[in-house]
Amino acid sequence: MAEIEAYYDKKSESYDSIFAALYFRVYDAVTWRYLEPYVPAASDAVVLDAGGGTARWAIRMAEKGCKVVLMDSSEKMLNAAARKVKAKGLQHRITLQKGDIATIGYADETFDMVLCEHALFLFKEADVAIRELKRVLKKNEALVISTQNRYVQALSSIAGKPRVDNVERAFKVLVN
Ligand SMILES: C[S@@+](CC[C@H](N)C(=O)[O-])C[C@H]1O[C@@H](n2cnc3c(N)ncnc32)[C@H](O)[C@@H]1O
């Protein structure tokens, strides 16, 4: 956990720049097409964006009208998110919270929807986090999870940078 936190703290300033790549422009468009129908528009609905990073999805969801709690373990990803949320004037709808999504400090059945996009691949035991996400979700509401598989993750870590340390990292992702 500390290692992941440090990794994303360091990555926070450059994190959003990767989404200009064609791969992510397509990925984002397709993801939003499938995600949007599940996002509540009611102003009293509250969505949990678990591992929400720099608010890439939180902002889009809040723009539909709901409230969003973005929980992330990296202080610096949250700082980057705060700047974007302020620039959009969405502070009244988006709450940024430092926390571990494997131990969410909210009561059972709190949220009207839970999103966990592109974060569970970081967990050795993703089922612990999934149980926790389900616990805080209201009955019969949507839990939307998507994550890269390890092969794609490994490839993306070496794409354009076939340096030895990156190849080593890709290898670790694939064999661990
Ligand atoms: C690849 S980023 C995805 C961010 C965002 N969901 C997106 O789609 O752009 C993974 C995020 O998960 C966060 N994260 C990793 N482990 C976490 C944990 N145990 N609890 C909360 N956040 C976590 C990281 O800090 C990082 O911001």
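The values are calculated or read from the model by the stated rules, or taken from the named source; none is laboratory data. This one's a predicted model, so the numbers in the text were calculated from it and none came from an experiment. Every residue, glycine as well, gets a Cβ built from its backbone with ideal geometry; the counts of neighbours run over all protein chains shown. Ligands, DNA and RNA are excluded from the accessible area calculation, which covers all protein heavy atoms including side chains. Shrake-Rupley method; radii C 1.70, N 1.55, O 1.52, S 1.80 Å.
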For this session: Restrict the check to the range 69-79 and report whether at least one residue is within 8 Å of the ligand (Cβ to nearest atom), crowded, with 19+ Cβ neighbours inside 10 Å, free of Cβ contacts under 8 Å to residues at least 60 places away in the same chain and of a type in the set (S, T, Y).
Result: no
For this session: Output the number of residues of the range 83-120 satisfying the condition of being within 13 Å of the ligand (Cβ to nearest atom), open to solvent by less than 40 Å² (accessible area, probe 1.4 Å) and over 20 Å from A142 (Cα atoms).
Result: 1
For this session: Among residues belonging to the range 3-27 that are more than 12 Å from the ligand (Cβ to nearest atom) and not in a helix (DSSP H, G or I), point out the one that is most open to solvent (accessible area, probe 1.4 Å).
Result: E13
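Filtering the range 121-144 down to residues that are among the basic types (K, R) and open to solvent by less than 80 Å² (accessible area, probe 1.4 Å), which residue is farthest from the ligand (Cβ to nearest atom)?
Here is the first cut: in the range 121-144, the residues among the basic types (K, R) are 124, 131, 134-135, 138-139.
Next cut, open to solvent by less than 80 Å² (accessible area, probe 1.4 Å) only: 135, 138.
Numbers: R135: 15, K138: 21 Å.
Looking at residues that are among the basic types (K, R) and open to solvent by less than 80 Å² (accessible area, probe 1.4 Å), I get K138.
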Problem set entry | Any hit, the range 88-104, residues being closer than 23 Å to E3 by Cα and without any contact (Cβ under 8 Å) to a residue 12 or more places away in the chain | no
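Counting just the residues of the range 28-64 that are acidic (D, E) and modelled with pLDDT of 95 or more, which one comes out farthest from the ligand (Cβ to nearest atom)?
Kept after step one, since they are acidic (D, E), are these residues of the range 28-64: 28, 36, 44, 49, 63.
Still in the list and also modelled with pLDDT of 95 or more: 36, 44, 49, 63.
Numbers: E36: 15, D44: 24, D49: 7, E63: 16 Å.
Within the range 28-64, the match that is farthest from the ligand (Cβ to nearest atom) is D44.
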Exercise. If we keep just the residues of the range 47-66 that are in contact with a helix residue (DSSP H, G or I) (Cβ under 9 Å, 6 or more places away or on another chain) and open to solvent by 30 Å² or more (accessible area, probe 1.4 Å), which is farthest from E13 (Cα to Cα)?
Worked result: K64
